[in-house]
Protein chains: 2
Amino acid sequence: MTALDVLGDPVRRRLLEHLALGGEISAGGLVALAQEEFTVSQPAVSQHLRVLREGGLVSARAVGRRRIYTLEPGPLAEAERWLAELRGFWSQRLDALETELARGRRARRTDDDNHEADTAEDTTRRMA
Amino acid sequence: MTALDVLGDPVRRRLLEHLALGGEISAGGLVALAQEEFTVSQPAVSQHLRVLREGGLVSARAVGRRRIYTLEPGPLAEAERWLAELRGFWSQRLDALETELARGRRARRTDDDNHEADTAEDTTRRMA
DNA sequence: GCGCTGTATAAGCATTGACTTATAAAGGAG
DNA sequence: CTCCTTTATAAGTCAATGCTTATACAGCGC
């Protein structure tokens with residue numbers, strides 16, 4: 001999940017936002033935009049762009065002496081999927097718990113604590 | 001976008017995955033799980049859990065001498081939304097470019113270069 | 001009470017990472 | 001060819017961060 005590593009920086013995130021909004025932007029344009037919000041030098045932005053490139057989040061093509069940057073949606077989509085899946089499992093888990101609660105609410109009796117509970121479930125282990 | 005800052009660490013991401021899968025897990029359980037994959041001490045995991053807590057990605061409740069951790073879906077959903085929006089703007093931009101290309105392909109004439117082109121469009125300038 | 005278990009914090013160290021200034025390299029204009 | 005523009009890289013500094021060991025603290029069992 002390299003994308004999430006790369007996304008851990010506000011300047012880089014902002015650069016991506018500008019690329020999403022503006023489509024294709026030259027390195028110089030990105031430097032200018034970054035400097036509107038952060039006090040950051042041209043090399044600093046260039047280094048951020050390198051990180052983004054190496055993470056596959058953007059690609060650059062040379063046009064004359066300019067480097068035109070484009071958002072590369074693949075890794076972003078992957079990160080998004082990771083988050084969605086996390087949420088998916090989570091809500092699934094919630095639902096399971098809910099139905100468990102609803103179903104078990106009456107049958108609940110003689111429920112002890114599980115002393116080695118790593119997964120810690122709900123501590124709803126009852127011995128029949 | 002604090003969530004994405006917090007997500008920039010593989011150990012923390014793995015902890016979240018385990019919480020998503022397993023529901024509620026005690027600190028000790030999380031330490032054990034983390035140590036299956038990373039060579040990391042108990043305090044290290046505890047510090048990661050602190051970061052996750054402070055970022056609002058998890059919450060902990062005390063049960064006896066245990067701390068039971070739960071995934072907190074809010075910040076994750078927010079991060080997911082950020083990514084989705086980025087992708088949204090991006091594909092919107094792509095569509096716009098596409099229609100622009102389709103519509104303009106014939107009408108193209110006397111198109112001058114914008115010499116300060118930050119947005120740098122396509123640099124498809126040919127002088128008639 | 002005493003000691004063990006589970007967890008967090010403190011302090012210190014090492015590494016990473018973001019920034020700076022200075023410079024190089026490459027393309028275009030004159 | 002020469003100069004200016006654009007971008008990237010090099011080298012060095014500094015702060016942030018992740019780790020470790022040592023320790024504190026709270027709850028439970030005896």
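A short reminder: the numbers here are calculations on the coordinates, not readings from a lab. Computed from a predicted model, the values in this text were never measured in an experiment. Here the Cβ positions follow ideal geometry from the backbone for every residue, glycine too, while neighbour counts run over all protein chains shown.
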query: Roughly how crowded by other chains is peptide B:78-87, in terms of the mean Cβ count from those chains within 10 Å of each of its Cβ atoms?
result: 6
- prompt: What does the charge count near residue B:1 come to, summing +1 for each Lys or Arg and -1 for each Asp or Glu among other residues with Cβ under 12 Å from its Cβ?
  reply: -2
statement: Under the rule rounded for a/c under 1.5, else prolate if a/b exceeds b/c, else oblate, using alpha carbon gyration tensor axes a ≥ b ≥ c, segment B:32-76 is classed as oblate
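Grab the other residues whose beta carbon is less than 12 angstrom from that of residue B:67, score K and R as +1, D and E as -1, and report the net.
Values: positive: B:50, B:53, B:61, B:65, B:66; negative: B:24.
Summing Lys and Arg as +1 and Asp and Glu as -1 gives +4.
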message: Output wanted: per-residue J couplings in Hz (rounded whole) for segment A:38-53, from phi through Karplus 6.51 cos²θ - 1.76 cosθ + 1.60, θ = phi - 60°, x for Gly and Pro.
response: 10, 8, 8, 8, 4, x, 4, 5, 4, 5, 4, 5, 4, 4, 4, 4
query: Mind checking the mean number of beta-carbon atoms from other chains within 10 Å of the Cβ atoms in A:43-49?
result: 0
message: Give me a comma-separated list of calculated 3J(HN,Hα) values for segment B:59-73, in order, Karplus coefficients 6.51, -1.76, 1.60 applied at θ = phi - 60°, integers in Hz, x for any Gly or Pro.
response: 10, 10, 10, 8, 10, x, 8, 9, 10, 9, 9, 10, 5, 10, x
statement: Short to long, in 5 Å steps from zero, the percent of alpha-carbon pairs of segment A:2-72 per bin is 4, 18, 33, 28, 14, 3, 0
Shielding of A:28-36 by partner chains, average beta-carbon count, 10 Å: 2
